[in-house]
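Scroll down for the structure; my scribbles are underneath it.
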Amino acid sequence: MTTLINNNNNQNNEIIHFTSLGYGELRLAKKYSTKDILDDLFQTEGGLIIVDGNGEEVFPDDDKNYNLVSNKTYTIVSEKDLDSDTDESDDEDETHNHNHEEDNEKHEHEHEHEHEHEHEHEHHQHEHKGCCNTGSHHEHDDNEDSCCSKPHNATKSEQKRIQNSQNGFNKLLKMREARINMISKLYKRKYPEIFELREEYFDKDFIEPIKQYKKTQNQEDLLKVLTKLTETRIYSFKIFTMEFCTKLLEEIENFKNTGLPTARPNSMNNYGAVLDEMGFTDFFKQLREEYLSLFTSILFKDYNGDNLNSHHAFAVQYKMDKEKELGFHYDESDVTVNLCLGSVFTGGSLYFKGILDKPETHDEYFEFKHIPGVALIHIGVHRHGALGLTSGERTNLILWLRNSNITDHQQQSESKLE
């Protein structure tokens, strides 16, 4: 029988921050920070090493518990990964030495083959651009396939690097699966009913035009949902009722208070939650396929809006004593939906400064003040940031919508811009 969590237990507030080199970060209640659970969450296959902020290794007691200090950061290292890094470094040294010995022999033919070699190198880079990028693991993909393969002309060291990249990608998937399994077993939902998308959750200004459009097939009926804010295709609209937004916000807080494994929502935000891992995957898949795709297929066809087959759903949180703002960046998405859930705050406006691949728009400056219950929809590579809060706290629901079969868009999650 599954044991449920008492969300009022003071021990749940004793949170440990773990970081794993190359495999992301995690917040976890101290009571869950045992060797067996950490082995599973970080997929260390029994070779778990924990290092504190002073670089000292922390050892478990006889019961496999660690004497960890709340609100401190510890680094998780896998012995297997260390061995893999060492082997790769040895291979690189061996390749370098071998190439150095052959330098004199090749020197007389260098100019003859120079352009041919450069072309081959560029082709190799193109083949593997973004392949199994571990920075791109924050998405839910309906058609997840392995992306890496060994090119026929790759050297032994190149093949090993590609294999290590594939292994790292697979490890990230297993880590995500371990978090989802632990959460599904132990998390007691506050509002179980909101994990299933129902028409009653929609604001009437969202659902009524959609119903009318399905009868008439007139795009003008559908687009009544949206208010166009800029010529660069930023739109505002309401999706859900405020009652639903409040329940979703309370559900996120309820989850965070359990101390169950909470991954960073993306590479730039430190605080929030991945809603797909909480159990909302089917909810947002249905929202994407049956509702949002109606709009994206019309408005953003040139950004794969008519073929968005994957999503990453997460919440980001800003507080005066933690994270007040977000730097200038673009998203790892083709299309982004950004919905303010609440609660009470001043400041924190979103600003936009042109679309990444359209230099003629880079002089743009548009600022939007968040309103609880109001969402924005925009092109993912529309460069933007969040100004600092001046009081209170704010939580937003973010949906990154993507065509997962396209790899020539941005590959790093929330790429920071200077």
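Conditions (1) in a helix (DSSP H, G or I); (2) out of contact with any Ser or Thr (no Cβ under 8 Å at 6 or more places or on another chain); (3) at pLDDT 95 or above, marked per residue:
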site	(1), (2), (3)
S146	no, yes, no
Q159	yes, yes, no
Q166	yes, no, no
K185	yes, no, yes
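L38 passes every criterion in (1) free of Cβ contacts under 8 Å to residues at least 60 places away in the same chain; (2) hydrophobic (A, V, I, L, M, F, W, C); (3) farther than 22 Å from F169 by Cα apart from (3). Check whether at least one residue in segment 164-180 is farther than 16 Å from D39 by Cα and open to solvent by 80 Å² or more (accessible area, probe 1.4 Å), and report yes or no. Taking every residue of segment 164-180 in turn, none turns out to be farther than 16 Å from D39 by Cα and open to solvent by 80 Å² or more (accessible area, probe 1.4 Å). Taking the stated definitions as given, is T246 under 27 Å from the mean Cα position of the chain (by Cα), surrounded by fewer than 20 Cβ atoms within 10 Å (Cβ to Cβ), over 19 Å from Y291 (Cα atoms) and touching a residue at least 40 places away in the same chain (Cβ under 8 Å)? Against the criterion (under 27 Å from the mean Cα position of the chain (by Cα), surrounded by fewer than 20 Cβ atoms within 10 Å (Cβ to Cβ), over 19 Å from Y291 (Cα atoms) and touching a residue at least 40 places away in the same chain (Cβ under 8 Å)), T246 qualifies. Output the residue which, of all residues in segment 277-334 that are touching a helix residue (DSSP H, G or I) at 6+ places or on another chain (Cβ under 7 Å) and either of a type in the set (D, E, K, R) or modelled with pLDDT under 95 (or both), is nearest to L249 (Cα to Cα). Among them, the one singled out is E277.
Being surrounded by fewer than 16 Cβ atoms within 10 Å (Cβ to Cβ), outside any helix (DSSP H, G or I) and out of contact with any strand residue (DSSP E or B) (no Cβ under 8 Å at 6 or more places or on another chain) is a condition met by at least one residue of segment 221-240.
Among the residues of segment 303-326, those identified as under 17 Å from N269 (Cβ atoms) and open to solvent by 30 Å² or more (accessible area, probe 1.4 Å) are K319, M320, D321, K322, K324, E325.
One residue is enough: does segment 268-284 have a residue meeting the conditions open to solvent by 10 Å² or more (accessible area, probe 1.4 Å), within 21 Å of D334 (Cα to Cα) and assigned to a loop (DSSP other than H, G, I, E, B)? Looking for residues that are open to solvent by 10 Å² or more (accessible area, probe 1.4 Å), within 21 Å of D334 (Cα to Cα) and assigned to a loop (DSSP other than H, G, I, E, B), one finds at least one in segment 268-284, hence yes. Filtering segment 324-331 for residues that are in a strand (DSSP E or B), in contact with a Cys (Cβ under 8 Å, 6 or more places away or on another chain) and within 14 Å of I398 (Cβ to Cβ) leaves an empty set.
The values are calculated or read from the model by the stated rules, or taken from the named source; none is laboratory data. Keep in mind that what you see is a predicted model, and the values were worked out from it rather than measured. FYI the Cβ positions are ideal-geometry reconstructions off the backbone, even for glycines, and counts take in every protein chain you see. Remember, those area values only see protein heavy atoms, side chains included, never the ligands or the DNA or RNA. Shrake-Rupley method; radii C 1.70, N 1.55, O 1.52, S 1.80 Å.
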